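Q: Dropping the structure in here first, questions after.
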Amino acid sequence: MGRYIVRRLLIAIPVFFGITLLSFLIMNMAPGNPVDMLINPNTPKEMLELKKELLGLNDPLHVQYLKWLGGFLQGELGYSFSSFAPVSQLIGERIGPTLLLASASLLLGILIAIPAGIISAVHQNSRLDYMMTALSFLGTSIPPFFLGLGLIYVMGIELGWLPTGGMTTLGGTGGIGDIILHMILPVTVLGVTIAGKKVRYVRASMLDVLQQDYLRTARAKGLSEFMVTNKHALRNALIPIITVVGAEIPLLLGGSIIMEQVFQWPGIGQLTMEAILSRDYPTLMGLNLIAACIVLSMNLVTDILYATVDPRITYS
Amino acid sequence: MQSLLRVVHGFALLTMLILLLSACTESNETNVGTTAKTAPPETKSVDAKADIEQAASKTLTIGIVNAPVTLNQINTQDNSASLAPISLLNDALLDVTDSAQFVPKLAESIETKDKQTYLVKLKSNAKWNDGTPFTTADVAFTLKLALHPKVDTSFKLQFIEGLNDIGKLDEGVTDIAGLRIIDSTTFEIKTKTPIDPLVFNERFGVKVNFLPEHILKGVDPEQLSTHEYFQKPTVTIGPYKFASHENGQYVEVTKNDNYYLDVPKIDSIFIKVLPAANLVAQLQTGEIGMNSLPVGLVPITDYDKVTGFDNVNVSSATASEPAELFFNIERLPDKRVRQAIAHALNRPLIVDQLLKGQAEIIDGGVPSSHPYFNKDIQPYEYDPEKAKQLLQEAGWDSDRKLTFLIPVGNKVREQAADILVQNLEAVGIGIDVQKFDFPTLIDKVEKGEHDITIFTRDYYIEPSLYFTTYKSNDPESVIRYNNPLVDELIQKGEQEIDEAKRHEIYNELQEVLHDEVPTLAVYSEKRLQVVSKNILVGKPLNLGTFNNVNQWDLATK
């Protein structure tokens, strides 16, 4: 297992550099450049040229990439073209809130989806099952931004119970309670969306397993229905779910771009949007890097979890 | 058996639920722990202080829809969002009111006899917020650093003697020939040629902010932009001082007790970044005290909604810089076609329906409140028949489709553009609409891929700045216009230093441009000022919002 992990990590290195090269090229292919934002008939062309020169944008593309790579290998991600703050600091400030939002939502999503899926499967074709399926369908089909805006309107404005956005109260005393209060709406929205999708996977997977012969054997041995469902069936039903959830994590970070806009959540989604709109190349590269790391490591973690959950799978 | 099963499942569900709740709180705590660690220690002390003063402190939150990108006072990148915190943190020699009048700040007086040497006296009591006196040494330090060839700055000081055409020092030159320090509170600026004092007042008086020499002395110019001072500019000279900045979220400033003018009455101000939709919502809930101009716009389409809120006062600012159509003259060389377009547009409909009457119609780019606005020009009337006739005279090819590039981001402008497209199609001009984000749009414009585009220019006090667009010297400009008469008038206007003669020149220039229609204003918005009833003094303005911020006040609850 140890050797397997090491090998996977070694393979990840060239993949990782490939990703940086590709994202660098694609980013530079996008029309416009950081200095275009400053275009103004009253700024002399020479001034814009000087700005480009100072930002290093006049170098040939491969030189720009190698410069960036050189910095990266020394642990430097460079400075943002718009705020001139170190990129590592910008991302460092934002990654925490994003992970907080993503993990809480994922947790909520799973904790809703698994019991709901089990109940749905065990009571297949009952009224309860139809209700669950309908709810999951609703959760999947409501666009998150719409649900978000709706909840902001009802809970934030009409009822005034919850803050309409942000992560803390401005000028407030802060504290965990304040953050939790701000988290309720965005986590609910993301959690519901995730749960909506996952309930159907859990249900299908569980139904599959419930037909298996070994469960009949288990029942015949006199095991309680609780043990049969929650130990023997669930464990096997979870295997495909792990893949689905693992694949959800990068999606979740991508989806947070919209959610973070709606709720003004100070995460990397917001930063990404700003960086794209201002063609802030160093920040974008830093963000791509983080995304690449997350996707690669999540793939690895999913594969390892697979082996842990399913003894039939071994890596060598 | 059945009922037992149900009980078991109910129990399973309950356990899951409890697990869910406990897991949720647990994950919050651990994650919060990590974020708190990365937060700078300063924020904590500020928070603690805020705790003690909570009862008595006055806090104002101003809503803005684009994030301030920088707090660098010598390189604002002309970013309107950044100007809000920067102007709270920094005083320049002068400030400006919304009627484009100059008010002295750091300057005691600015005098000139020949319009070429400007004698500036600083207020003798002016001091940085750490108590260090502000002197001409800081002025010289700032200018030398900002104008260094390797330093990026937003200063546009080409007119000062000793600077090159882009307003920088040449490589290897360290002294500014046009700057003479007389004593610690007096200095003199000499310009290359005589200039209208308006130019000096705007570009030097208002737009030059200062750097503290005692903090930044000895810094390497090439490393200046990434210097940590600009991330946390704690020592500045302005009514407010830096407290905290969460990128993309808010900037917090607190009052400067060492301020050399009257100390502000409001203790702290938050400039809070949020989407336009939430801006209206938070004005309603009272989380935001006022919107801001020009980057915290309450969409005029929400006019009826905000006037219905009972906790705010709503007023309209003077008509602002208009959204303008820019024609690519290389592809639309016949002025009759451009005039036809002017007649084809149903601008009254846009103003009445889309903008609820909160706008006016002008043809040129100079706003009607500007001193150099030519009042005698009659806007082109909405007359589709006239438009068709002009098109026929010009021999318009009805199969031709015009490419209309529209920048996304300003919803009202996008909706107005949609109406324009319908108007043009109604008189037989085919339109191919393409919407892009701003950098992409600029890229396409530079390549000349547009026939028409639309955007809004900035507000300029100095009138010549409205006309640089029409010069023929830039082959990649938005309009690619080439008119010797216009070039000549522009040059005359730039060089003329007599105000009355300048008015004449610019009136004539506006008339010529009105006839030629290289650009056409669509509507000039009277932006909404939505201000909480708790705010006794203070409201957002098109220009110089914070010129009297130290007099602003809130009602105590």
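Q: Roughly how many debye, to the nearest 20, is the charge dipole of chain A about its Cα centre, given +1 on each Lys and Arg Cβ, -1 on each Asp and Glu Cβ, and no other charges?
A: So the magnitude is around 1240 debye.
Q: Taking the simple approach of a point 7 Å from Cα along Cα-to-Cβ for both A:Tyr153 and B:Glu508, what is their distance in nm?
A: Inter-label distance under the simple model: 5.8 nm.
Q: Place the peptides B:166-173, B:185-192 in order of packing, highest mean first, counting for every residue the other Cβ atoms within 10 Å and averaging per peptide.
A: Going by the mean number of other Cβ atoms within 10 Å, highest first, we get B:185-192, B:166-173.
Q: Would you mind computing Rg(Cα) / (2.2 N^0.38 Å) for the stretch B:361-508, counting N as its residues?
A: The reported ratio for this selection is 1.18.
Q: Could you tell me whether the protein assembly as shown comes out rounded, prolate or oblate from its Cα gyration tensor? Rule is a ≥ b ≥ c as square roots of the eigenvalues, rounded for a/c under 1.5, then prolate if a/b exceeds b/c, otherwise oblate.
A: Cα axes put the protein assembly as shown in the prolate bin.
Q: I've got another one for you. Mind checking the dipole of the stretch A:2-73: about its Cα centre, +1 per Lys or Arg Cβ, -1 per Asp or Glu Cβ, Debye to the nearest 20?
A: Here the size comes out at about 560 debye.
Q: While we're here: Trypsin sites (Lys or Arg not before Pro) within the stretch B:383-422: which are DSSP loop residues with at most 16 other Cβ atoms inside 10 Å?
A: Those satisfying the criteria are B:Arg400.
Q: Can you compute the FRET efficiency between A:Glu225 and A:Ser88 using 1/(1 + (r/R0)^6), with r the Cβ-Cβ distance and R0 = 60 Å? Round to the nearest 0.05.
A: E(calc), rounded to 0.05, equals 0.65.
Q: Post the alpha-carbon centroid distance, the stretch B:411-468 to the stretch A:123-200, in whole angstrom.
A: Answer, in whole Å: 39.
Q: Taking amide H atoms as placed 1.01 Å from N in the peptide plane, list the residues 5 or more away in sequence, or in a different chain, whose amide H sits under 5 Å from that of B:Leu179.
A: The list, which skips near neighbours in sequence, is B:Lys190.
Q: Give the angle, between 0 and 90 degrees and rounded to the nearest 10, that separates the Cα long axis of helix A:234-262 from the longest principal axis of the Cα atoms of chain A.
A: Orientation of helix A:234-262: about 30 degrees from the principal axis.
Q: List the residues whose amide H sits under 5 Å from the amide H of B:Gly430, counting only those 5 or more places along or on another chain, with H placed 1.01 Å from N in the peptide plane.
A: B:Leu402
Q: With point charges of +1 on the Cβ of Lys and Arg and -1 on the Cβ of Asp and Glu, referenced to the Cα centre of the protein assembly as shown, which listed residue (B:Ala394, A:Val6, B:Ser154) lies farthest in the positive direction of the dipole?
A: Looking along the dipole axis, the top candidate is A:Val6.
Q: What is the distance, in nm, between label points placed 7 Å from the Cα along the Cα-to-Cβ direction at B:Leu485 and at B:Glu499?
A: Once both label points are built, they end up 2.9 nm from each other.
Q: What is the average number of partner chain Cβ atoms found within 10 Å of a Cβ in A:49-58?
A: Taking the mean over all residues of the peptide, I get 2.
Q: Let me ask another. With the cut-off at 1.5 for a/c, could you classify chain B from its C-alpha gyration tensor as rounded, prolate or oblate?
A: oblate
Q: Could you work out the helix-only [θ] at 222 nm for chain A, with each DSSP H run of four or more residues adding -39,500 (n - 2.57) and the total divided by the number of residues, to the nearest 500 deg cm²/dmol?
A: -24000 deg cm²/dmol
Q: For the cross-link pairs B:Lys58/B:Lys255; B:Lys127/B:Lys217; B:Lys105/B:Lys127, which exceed 21 Å when the distance is taken from alpha carbon to alpha carbon?
A: Distance filter (> 21 Å) returns an empty set.
Q: Right, something else. Each residue of the stretch B:203-210 in turn: what ³J(HN,Hα) in whole Hz from Karplus with 6.51, -1.76, 1.60 and θ = phi - 60°, glycine and Pro shown as x?
A: Those phi angles translate into 7, 9, x, 9, 8, 8, 9, 10 Hz.
Q: Only bridges with both residues in the protein assembly as shown count here: give the DSSP antiparallel percent, nearest 5.
A: Bridges in the protein assembly as shown that DSSP calls antiparallel: roughly 75 percent.
Q: Student exercise: in chain A, how many lysine pairs 8 or more apart or on different chains have Cα atoms under 28 Å apart?
A: Total qualifying Lys-Lys pairs in chain A comes to 6.
Q: From the helices alone, meaning DSSP H stretches of at least four residues, give me the mean residue ellipticity at 222 nm for chain B, per-run term -39500 (n - 2.57), in deg cm²/dmol to the nearest 500.
A: Roughly -9500 deg cm²/dmol at 222 nm, from the helical runs in chain B.
Q: Given the options A:Leu284, A:Thr140, A:Ala307, identify the residue whose Cα lies farthest towards the positive end of the charge dipole of the stretch A:91-309 (+1 on Cβ of Lys, Arg; -1 on Cβ of Asp, Glu).
A: The listed residue farthest towards the positive side: A:Ala307.
Q: Arrange the peptides A:198-208, A:59-69, A:176-186, A:292-302 so that the one whose residues have, on average, the most other Cβ atoms within 10 Å appears first.
A: In decreasing order of mean packing, A:198-208, A:59-69, A:176-186, A:292-302 become A:198-208, A:176-186, A:292-302, A:59-69.
Q: When the chain is fully extended, how far beyond the present Cα-Cα distance does A:Tyr214 get from A:Leu69, taking 0.36 nm per residue of separation?
A: My answer for the length gained is 46.7 nm.
Q: Shifting gears a bit: Using the basic label-point model (7 angstrom from Cα toward the beta carbon), what is the B:Asp170 to A:Arg312 distance in nanometres?
A: Here the answer is 8.1 nm between the modelled labels.
Q: Within a 10 angstrom radius of each residue's Cβ in A:99-106, how many Cβ atoms of other chains show up on average? Whole number is fine.
A: Mean shielding count: 3.
Q: Follow-up question, since we're still on this one. Excluding B:Glu222 itself, what net charge comes from residues whose Cβ is under 13 Å from its Cβ, given Lys and Arg +1 and Asp and Glu -1?
A: Combined, the nearby Lys, Arg, Asp and Glu give -3.
Q: Would you tally the net charge around B:Phe309, using a Cβ to Cβ cut-off of less than 12 Å, leaving B:Phe309 out, and scoring K and R as +1, D and E as -1?
A: The answer is -1.
Q: Positive end of the charge dipole of the protein assembly as shown (Lys, Arg +1 and Asp, Glu -1 on Cβ, about the Cα centre): tell me which of B:Leu216, A:Met259, A:Ile242 has its Cα farthest that way.
A: A:Ile242
Q: Would you please classify the overall shape of the stretch A:134-250 from the alpha carbon gyration tensor, given that a ≥ b ≥ c denote the square roots of the eigenvalues, rounded means a/c under 1.5, and beyond that prolate means a/b larger than b/c while oblate covers the rest?
A: Verdict is prolate for the stretch A:134-250.
Q: Still on this structure, I have one more. Which of the aspartates and glutamates could a cross-linker span from B:Lys356 if the Cα-Cα distance has to be under 14 Å and same-chain partners fewer than 8 positions apart are dropped?
A: Result set, ordered by chain and number: B:Asp302, B:Asp304, B:Glu525.
Q: Sticking with this structure for a sec: At R0 = 30 Å, how high is the FRET efficiency between B:Gln223 and B:Asn473 if r is their beta carbon distance? Nearest 0.05 is fine.
A: 0.30
Q: How many angstrom separate the Cα center of the stretch B:109-126 from the Cα center of the stretch A:45-80?
A: That distance is 41 Å.
Q: Amide H of A:Ala85: which non-local residues (sequence gap of 5 or more, or other chain) have their own amide H closer than 5 Å, using H built in the peptide plane?
A: A:Ser80
Q: Going through the cross-link list B:Lys121/B:Lys207; B:Lys444/B:Lys526; B:Lys144/B:Lys192; B:Lys113/B:Lys190, which pairs have a Cα-Cα distance over 20 Å in this structure?
A: Pairs exceeding 20 Å: B:Lys444/B:Lys526.
Q: If you take every DSSP beta bridge fully contained in chain B, what fraction is antiparallel? Give it as a percent rounded to 5.
A: Around 75 percent antiparallel, to the nearest 5.
Q: Sort A:145-152, A:26-33, B:85-92, A:306-313 for me by packing, meaning the mean count of neighbouring Cβ atoms within 10 Å per residue, highest on top.
A: The peptides rank, most packed first, as B:85-92, A:145-152, A:26-33, A:306-313.
Q: Quick one: divide the alpha-carbon radius of gyration of the stretch A:91-309 by 2.2 N^0.38 Å and tell me what you get.
A: 1.17
Q: While we're here: Averaged across the residues of A:77-89, what count of C-beta atoms belonging to other chains lies within 10 Å of each residue's C-beta?
A: 5
Q: Any idea what the dipole of the protein assembly as shown comes to, in debye rounded to 20, about its Cα centre with Lys/Arg Cβ at +1 and Asp/Glu Cβ at -1?
A: Here the protein assembly as shown has a charge dipole of around 3620 debye.
Read-outs: derived from the displayed coordinates by stated rules, not from any lab. Keep in mind the model is a prediction, meaning the values are calculated, not measured. Note that we place each Cβ from the backbone using ideal geometry, even for glycine, and neighbour counts take in every protein chain shown.
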